[in-house]
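Worksheet for the structure shown next.
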Amino acid sequence: MTNSHEYSIDLRWTGNRGQGTEDYRGYGRDHVLSSRGKPPLLGSSDPVFRGDASRYNPEELFVGSLSACHMLWYLHLCADHGIVVEEYEDRAEGRLELAPDGGGRFTRVTLHPRVTLSRGDPGRAASLHDDAHAKCFLARSVNFPVEHLPRITVLPRNAPRVAPD
């Protein structure tokens, strides 16, 4: 028996300006992503593709999903290895290359995690990013490199612990 999980999300297009898709320039790219019990997420396309810059676009969500998956595995592994992470931030960047036919594909995503530790070996903390990458469900599912360039900071011994926001 296979251990598997199913995921679903509802998407509703909200960009009909009264004439549907009669004209390429005449409709909005706005949409709403939702899932039972969670707040809606407002989406559009990238402004380059006639979208609303104030809404998330699929490319940003894709890069963000890779970043979040990596972080969640990393925190798990640090906890398993006695490494205490006090702060974790990432600036994830993805490269999308367009094809002459209008399609395109991601060719790489680079994660830039900044991790603050209060306890544990910084060298081991750095190497756990490799393990997190190897375990991340999403990174294992894409056909391009997902790189990570971590920066590890260790709090001084007597420094106060970081308070959550």
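Every read-out reported here was derived from the displayed coordinates using simple, explicitly stated rules and does not represent laboratory data. Since the structure is predicted, the reported quantities are computational estimates derived from the model, not experimental observations. Here Cβ is always computed from backbone atoms with ideal geometry, including for glycine, and neighbour counts include all displayed protein chains.
Results, tabulated for the structure shown:
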read-out: Distance between modelled label sites at Q19 and E87, nm, 7 Å Cα→Cβ extension; value: 5.2 nm
read-out: DSSP bridge orientation in the chain - percent antiparallel, rounded to nearest 5; value: 70 percent
read-out: Sequence-separation-based contact order of the stretch 1-44, relative, with Cα cut under 8 Å and 6+ spacing, percent; value: 33 percent
read-out: Additional length obtainable on full extension of the chain from S127 to L72, 0.36 nm per residue less Cα span; value: 18.3 nm
read-out: Relative contact order (percent, whole number), the chain, Cα cutoff 8 Å, 6+ residue spacing; value: 16 percent
read-out: Extension reserve of the S54-L149 stretch, reckoned as 0.36 nm per residue once the Cα distance is removed; value: 31.3 nm
read-out: Mean Cβ count within 10 Å, highest first, over the residues of peptides 97-106, 110-119, 148-157; value: 110-119, 148-157, 97-106
read-out: Linear extension gain, R114 paired with E6, 0.36 nm per residue minus alpha-carbon span; value: 35.7 nm
read-out: Helix-derived mean residue ellipticity, 222 nm - over the chain, DSSP H n ≥ 4, -39500 (n - 2.57), to 500; value: -7500 deg cm²/dmol
read-out: Option label - log10 I(q)/I(0) by the Debye sum over Cα atoms at q = 0.09, 0.10, 0.15, 0.21 Å⁻¹ computed here, alternatives [x] -0.64, -0.67, -0.96, -1.31; [y] -0.31, -0.38, -0.82, -1.40; [z] -0.43, -0.52, -0.98, -1.34; value: [z]
read-out: Net charge, R55 excluded, C-beta distance under 15 Å - Lys, Arg +1, Asp, Glu -1; value: -2
